[in-house]
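The values are calculated or read from the model by the stated rules, or taken from the named source; none is laboratory data. Quick caveat: nothing in here was measured; it's all calculated off a predicted structure. Every residue, glycine among them, receives a Cβ derived from its backbone with ideal geometry; neighbour counts consider all protein chains shown. Heads up: the accessible areas ignore ligands, DNA and RNA and are worked out on the full protein's heavy atoms, side chains in. Shrake-Rupley method; radii C 1.70, N 1.55, O 1.52, S 1.80 Å.
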Amino acid sequence: GFLHGCNDSQPSDELLLPLHPALWRVGYLWMQNRDRLVDLGIPTILSLSDNWGNRVTQDAHTWENYVKKMTSNAGDRHYTWDLRNEPNSPQFWKGTQTQFLESAIQAARTLRAQLGPDTILSGPSISCYDRDYLAKFLDYFKTNNVRLDVLSWHELRSEERRVGKECRSR
């Protein structure tokens, strides 16, 4: 799979298609490349939070409207919806873990209400494997009776970052 790095014309189809990409994760440039990836038949994960940023809102209505706008812009394209990028990293999330969990449940419910019960949800996309964080995330979804389809975390950090503050629990 690929992580970002695609717009409506680059890399060229001649370079891209021989690689037979099986998955592409998009974020900031998703509006530029959404039709291209669909036309090429590449399954796509859309990071819901990339255009939202690291802000935390206490106003659930504002977050819900943002999620609805994203679904409207997606049209009938079928994405796997990643609920947030690295909510355990202060670079991407300024709130508490509880605030993240509440916003993830709200996004999940809004996505399924807008797009249907078969909408595929992914998360928490934390910055590295953290057993305790993942367990709390899954327990919260189970307690709130919300189905998660894809459990995700990143392994892109250096060894120094892996043992850092956000990833102590291995």
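Every listed requirement among (1) free of Cβ contacts under 8 Å to residues at least 60 places away in the same chain; (2) under 18 Å from residue 141 (Cβ atoms); (3) in contact with a strand residue (DSSP E or B) (Cβ under 6 Å, 6 or more places away or on another chain) is met by residue 44 save one, (2). For the stretch 140-170, a residue qualifies if it is modelled with pLDDT under 90, open to solvent by 30 Å² or more (accessible area, probe 1.4 Å), of a type outside the set (Asp, Glu) and out of contact with any helix residue (DSSP H, G or I) (no Cβ under 8 Å at 6 or more places or on another chain), and the qualifying residues are 156, 158, 162, 163, 165, 168.
Among the numbered conditions (1) open to solvent by 10 Å² or more (accessible area, probe 1.4 Å); (2) of a type outside the set (A, V, I, L, M); (3) modelled with pLDDT of 90 or more, the only one that residue 137 does not meet is (1). On the stretch given as the stretch 106-120, residues that are out of contact with any Asp or Glu (no Cβ under 7 Å at 6 or more places or on another chain), open to solvent by 10 Å² or more (accessible area, probe 1.4 Å) and in a helix (DSSP H, G or I) total 5. Scanning the stretch 54-82 for residues that are touching a Lys or Arg at 6+ places or on another chain (Cβ under 9 Å) and among the small types (Gly, Ala, Ser) returns 74, 75. When the stretch 37-68 is filtered for residues that are within 12 Å of residue 106 (Cβ to Cβ), modelled with pLDDT under 90 and in contact with a Phe, Trp or Tyr (Cβ under 7 Å, 6 or more places away or on another chain), only 57 remains.
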